[in-house]
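These notes concern the structure reproduced below.
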Amino acid sequence: MHLQILPVTAPKQPVKNENELVFGKQFSNRMFVMEYDRGTGWHSARIQPYGPFELDPAAMVFHYSQEIFEGLKAFRRPDGQIAMFRPEDNVARFNRSARRMCMPEVDEKFFLNAMLELIRLEADWVPHSEGTSLYIRPTMIATEPMLGVRPADQYLCYIILSPVGPYYKGGVAPVKIWISDFYVRAAEGGTGEAKTGGNYAASLYAAKEASESGYDQVLWLDAKEKRFVEEVGSMNMLFLYDGKIVTSPLKGTVLDGITRRSVLTLVKELGYEIEERALTVDEVMEGAENGRLEEAFGAGTAVVISPVGSFCYKDRCVQLGDGTPGKLTMELYNKLTSIQYGKQPDKHNWVTLL
Ligand code: COI
């Protein structure tokens with residue numbers, strides 16, 4: 001498929017004061033778009049000025065949420081070069097999500113090249129300051145106007161770019177996590193593993209309650225027994241428990257996180273044993289009190305590595321260590337970001353330079 005490049009007539013300038021960058025509020029001048037019609041396949045691939053779409057009010061995405069997305073980042077290195085972190089893994093996951101949501105897959109090579117081309121054209125939007133990056137949001141929506149419940153016959157796939165600072169206002173500061181004993185995010189056989197908007201919409205109510213009570217995030221338990229800790233919507237959870245790294249297995253309810261995968265490689269190299277099993281909520285709460293749970297952190301593209309300061313469950317709260325970020329947590333944050341920003345060699349071949 002040919003990629004058409006359309007001109008931008010009135011370009012905006014990227015923000016000057018990068019300290020003011022927040023997560024996902026500003027967007028660059030261009031976006032990638034392509035369309036799909038059953039029978040024809042993907043067509044009309046183009047990079048065009050960023051702007052609103054005109055969609056029919058009956059477009060199926062508005063009614064039945066047939067939607068998927070991805071999140072990845074481009075980093076500015078000290079020598080000015082731009083690096084992307086494991087982009088082919090995100091594109092592969094985009095297609096896995098598409099399959100689960102009965103949406104058309106994209107040609108991974110074409111899609112990745114189009115993404116790289118978009119970033120090259122928008123290179124000025126990759127910020128320079130420490131802790132900043134260009135967040136890339138590939139998205140696919142069902143556009144066919146139709147109210148019957150079935151997979152749509154028409155789709156729009158697009159990529160937008162947003163220069164970002166830290167996901168949490170406090171940067172790499174310990175977060176206070178509420179473990180919900182009532183709401184659930186994903187059940188076995190459901191769509192928990194797919195990166196689809198509905199999973200996030202379903203999490204909002206509990207997140208709102210958590211925020212109103214002073215918590216930063218909700219940690220979800222399994223839907224069946226409400227006993228095993230799974231993930232925190234915007235990040236996978238990893239625990240340093242009994243000297244080993246413990247994290248939920250990928251059984252369909254937890255997102256197959258690319259940061260999770262990278263962290264597991266790094267901890268293995270540091271000599272830690274890994275247990276892919278779900279900790280019980282009792283292990284978390286008692287472990288924090290008796291010292292078996294030394295550290296806990298979230299891992300995700302947007303948050304990078306997010307240390308946990310405390311967990312609250314029912315009417316009990318426990319603090320991890322002295323409440324400050326754990327030693328291993330910070331070591332992993334530094335290792336991962338050093339590879340992303342080119343301060344350490346990329347011996348795993350995770351980086352694509354533009
Ligand atoms: C990411 O880490 O890129 C995500 O997609 C999480 C998000 C919902 C902010």
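Along the axis of the charge dipole computed for the chain (Cβ charges of +1 for Lys and Arg, -1 for Asp and Glu, origin at the Cα centre), the listed residues F110, G309, V246 are led at the positive end by F110.
Computed over Cα pairs, the Kirkwood radius of region 202-303 leads via Stokes-Einstein (0.890 mPa s, 25 °C) to a diffusion coefficient of 173 µm² per second.
Peptides 92-99, 292-299, ordered by how many other C-beta atoms sit within 10 Å of their residues on average, highest first, read 292-299, 92-99. For E295, the residues 5 or more places off, or on other chains, whose built amide H falls under 5 Å of its own are L240. What does the charge count around K169 come to, taking other residues whose C-beta lies under 15 Å from its C-beta (Lys +1, Arg +1, Asp -1, Glu -1)? Local net charge: 0. In the chain, the longest principal axis of the Cα atoms and the axis of helix 87-100 are about 90 degrees apart. A cut-off under 10 angstrom between Cβ atoms defines the neighbours of Y341, and their net charge, with Lys, Arg +1 and Asp, Glu -1, is +2.
Computed 3J(HN,Hα) for region 152-168, one whole-Hz value per residue from the Karplus formula 6.51 cos²θ - 1.76 cosθ + 1.60 where θ = phi - 60°, is 5, 9, 9, 9, 10, 10, 8, 10, 10, 10, 9, x, 10, x, x, 5, 9, glycine and proline marked x. Rounded to the nearest 10 degrees, the angle from helix 108-121 to the longest Cα principal axis of the chain is 80 degrees. In this structure, the residue pairs whose Cα-Cα separation is over 29 Å, taken from K268/K314; K176/K226; K25/K268; K16/K347, are K268/K314; K25/K268; K16/K347.
One decimal place: the segment K314-R150 gains 55.0 nm when fully extended, by the rule 0.36 nm per residue minus the C-alpha distance. A protection proxy built from the mean count of other Cβ atoms within 10 Å ranks the segments 317-324, 23-30, most packed first, as 23-30, 317-324.
With the Cα gyration tensor of region 54-209 giving a ≥ b ≥ c as the square roots of its eigenvalues, does the rule (a/c under 1.5 for rounded; else a/b larger than b/c for prolate; else oblate) give rounded, prolate or oblate? Walk me through the numbers on the way to the answer.
Numbers: a/c = 2.09, a/b = 1.20, b/c = 1.74.
Taking the square roots of the gyration eigenvalues as a ≥ b ≥ c, region 54-209 is oblate.
Applying a 4.7 Å cutoff between beta carbons, the unpaired cysteines of the chain are C102, C157. Principal-axis analysis of the Cα atoms of the chain puts helix 327-340 at an angle of about 20° to the longest axis.
Which value, in debye to the nearest 20, describes the size of the charge dipole of region 263-318 about its Cα centre when Lys and Arg Cβ atoms bear +1, Asp and Glu Cβ atoms bear -1, and nothing else is charged? Present the calculation step by step, with values, prior to reporting the outcome.
Numbers: 5 positive and 11 negative charges, 37 e Å.
Around 180 debye, computed over region 263-318.
Note: relative contact order over the chain, using C-alpha pairs below 8 Å and six or more positions apart, is 18 percent. What whole-number distance in Å separates the alpha-carbon centres of region 108-170 and region 231-274? Cα centroid of region 108-170 versus Cα centroid of region 231-274: 25 Å apart. Residues in region 253-269 carry Karplus couplings, in order, of 9, 10, 5, 7, x, 7, 5, 4, 4, 5, 5, 4, 5, 5, 5, 4, 5 Hz; the curve used is 6.51 cos²θ - 1.76 cosθ + 1.60 with θ = phi - 60°, and Gly or Pro positions show x. Estimated translational diffusion coefficient (Stokes-Einstein, Kirkwood radius over Cα pairs, 37 °C, 0.692 mPa s) of region 144-280: 193 µm² per second. Coupling constants for region 27-43 follow from the phi torsions by the Karplus curve (6.51 cos²θ - 1.76 cosθ + 1.60, θ = phi - 60°), and in residue order they are 10, 6, 7, 10, 9, 9, 9, 9, 10, 10, 10, 4, x, 9, x, 6, 7 Hz; glycine and proline get x.
Ratio to report: Rg/Rh of the chain, with Cα atoms as the point set and Rh obtained by the Kirkwood method; give two decimals. The partial results should precede the final answer.
Working: Rg = 20.6 Å, Rh = 21.3 Å.
A ratio of 0.97.
No value in this document is a laboratory result; all are computed from the given coordinates. As the structure is a prediction and not an experimental result, all values here were calculated from the model. Virtual Cβ from ideal backbone geometry, glycine too; neighbours counted across all protein chains shown.
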